[in-house]
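What follows is a single structure, written as structure tokens, with notes after it.
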Amino acid sequence: MKMKYLILTLVYCLLTLNYGKAAPKNKTKDETKVAFITVSFDKQLSNDSVDLTYRDNNWGIGSAELSMPLNTISAKIGEPIKIIFEKQQAFLYANLITRSGKVLFLSSIVEPSDNIEIKIYNERVIFSGRGKEKLQFKNKIEEDFESWRKTQTNLSFFKEGKSNIVKKALKEFKPKIKKHIFQIIKADYLFDANFDFMYVNYEDFIRKSESKLGMSDKVLNESSGYLNYILKAIMMRKLEPQTAVEYINKNFHDILRDRLLTLYFINKSIKNNQDVALISDVLKTIKTDYCIDALKNFKANSSPKSPAYDFALRDTSGNIVRQSDFKGKIVLLDFFFTGCGWCQLLNEKMTGIYQLFKNNPNIIFVSISIDRDQKMWKNSIKNHKYTHPGSIDLYTNDEGSKSKIIEHYNIKSYPHTILIDKDGRIVSASPPEPHTPKEENYLIELINSCL
């Protein structure tokens, strides 16, 4: 009986003791969906600031994804950057660059609950805090590769050297990074499109894109590196749009298929009404909401007969010029930047077009520069290497490629031209450039059809 009493007493005491303990604090939803990054420099750079850029819906920073809207968070040195994630967002790709131009990281993964500190002393970068391993991994590859490159006299082993460095870093950091995130990072490096594009035979490049290298579909669906790799492989084939859509539908599924179809059209640009009809058909098959929204927005802004963007930009005298000022006129917009060789070439090839229509009051040629330096822009148009004497020369008000007109028309490369009719509607968001007599005649016919 005594023994039974002692056991009951002991159980009671244990329960009482446990009850009296404070319950562990659960993380709030806000805490689990927020990340912080803080940057500190040595005294010489303490007045600098940083810009963190990223895209929603796990769009990366790869070349194929440049058309997706970019978010920017700015902070002074020493102040934490707070990143708020969407409900279902497990991570995002981000760039972090100082206003003075120092790159701290590019296309790196940031997760909810990361709390990373970046310290730079005498040009040495030190990462600490929760989530630091992802940045340490990329930094190690860059440092080791740079050290290796300096010791090489024969760069014929360039690819092999980089591959060995990546493999070594993957092995070292595998135990330090969450399994799924590690697999995504691994996929990003295995499918380094820009790297392979320089050294691999086209057919090998395409075969590799289809093999998946043993990676799971879930990982590949989320890897920006794989997405860019696949899209570049498809673009290299120079397929007709209908054939490209069939190829994507046959070889890829679910979210990856939707993302590929979306980026394929956005990177290709709308050439004609057949492209518009094909996009309409594709929109019926896509299931991912943010892909549907992106493709609908692109179609609305770039399709023939869509209203032209009513910009408000300054000319060389500082006067505001608007698209609506040209109502009743045909307008050919030409976007360029100083130092762009292809932009100079297009201007040369456009000479015949300029001469043919220079006395026609119903046609206006407008050049729009994305230069960030106004003096550079004004100097570049004086010698008419980028524009011709009869054009109206405009400037994107120091906003460069972040100008609203650039974002509206989804312009990713230069030169870029857009033809607008007398009613202020798009005739073509990507008219032919007159590099050959055939293309020149086609552009002339297109302009004449608007008169």
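Every number in this text was worked out from the coordinates using simple rules, so none of it is lab data. None of the values given here were measured: they were computed from a predicted structure. Cβ atoms come from the backbone with ideal geometry, glycine included; neighbour counts cover every protein chain shown.
Taking 0.36 nm per residue of separation and subtracting the Cα-Cα distance, full extension of the segment from SER401 to MET236 would add 56.8 nm.
Counting lysine pairs in region 31-130 that sit 8 or more residues apart in sequence, or on different chains, and whose Cα atoms lie under 27 Å apart gives 13. Tell me, what is the FRET efficiency for LYS82 and SER49 to the nearest 0.05, using R0 = 25 angstrom and their Cβ-Cβ distance as r? Approximately 0.95, to the nearest 0.05. Modelled this way, with points 7 Å down the Cα-to-C-beta line, the labels at ALA90 and LYS378 are 5.4 nm from one another.
Between the helical axis of 202-211 and the longest alpha-carbon principal axis of the chain there is an angle of about 40 degrees. Counting only alpha carbon atoms, the long axis of helix 273-283 and the longest principal axis of the chain meet at about 20°. Shown in residue order for region 360-368 are the 3J(HN,Hα) couplings computed by the Karplus curve 6.51 cos²θ - 1.76 cosθ + 1.60 at θ = phi - 60°: 8, x, 8, 10, 10, 9, 10, 9, 10 Hz (x for Gly and Pro). Which one, (1) 36.2, 151; (2) 27.4, 116; (3) 20.5, 64, gives Rg and Dmax of the Cα atoms in Å as derived from the coordinates shown? Correct label is (2).
At an R0 of 35 angstrom, the distance between the Cβ atoms of ASP289 and THR151 translates into a FRET efficiency of 0.10. In this label model, ASN319 and THR436 are separated by 4.1 nm, measuring between points 7 Å along each Cα→Cβ vector.
In order along region 244-259, phi translates into HN-Hα couplings of 5, 4, 4, 4, 5, 5, 6, 9, 9, 9, 6, 4, 4, 4, 4, 5 Hz, rounded to whole numbers, per the Karplus curve 6.51 cos²θ - 1.76 cosθ + 1.60 with θ = phi - 60° and x for Gly and Pro.
Here the 3J(HN,Hα) profile of region 431-438, calculated from phi with Karplus coefficients 6.51, -1.76 and 1.60 at θ = phi - 60°, is x, x, 9, x, 7, 10, x, 5 Hz, Gly and Pro shown as x. Once backbone amide H atoms are built at 1.01 Å from N, ARG314 has VAL321, TYR395, ASN397 as its partners under 5 Å, excluding neighbours fewer than 5 places away on the same chain. Using the alpha-carbon atoms, what tilt in degrees (0 to 90, nearest 10) does helix 2-20 show relative to the longest principal axis of the chain? Helix 2-20 sits roughly 30 degrees off the main axis of the chain. Based on DSSP H segments of at least four residues, each scored -39500 (n - 2.57), the chain has a per-residue ellipticity at 222 nm of -13500 deg cm²/dmol. Work from the charge dipole of region 46-138 (Cβ charges, +1 for Lys and Arg, -1 for Asp and Glu, about the Cα centre) and give the residue of ASN122, PRO112, SER49 farthest towards its positive end. The Cα lying farthest towards the positive end belongs to ASN122. The charge dipole of the chain, taken about its Cα centre with unit charges on the Cβ atoms of Lys, Arg (+1), Asp and Glu (-1) only, comes to about 1680 debye. The stretch between LYS358 and GLU143, if pulled fully straight at 0.36 nm per residue, gains 71.8 nm over its current Cα-Cα span.
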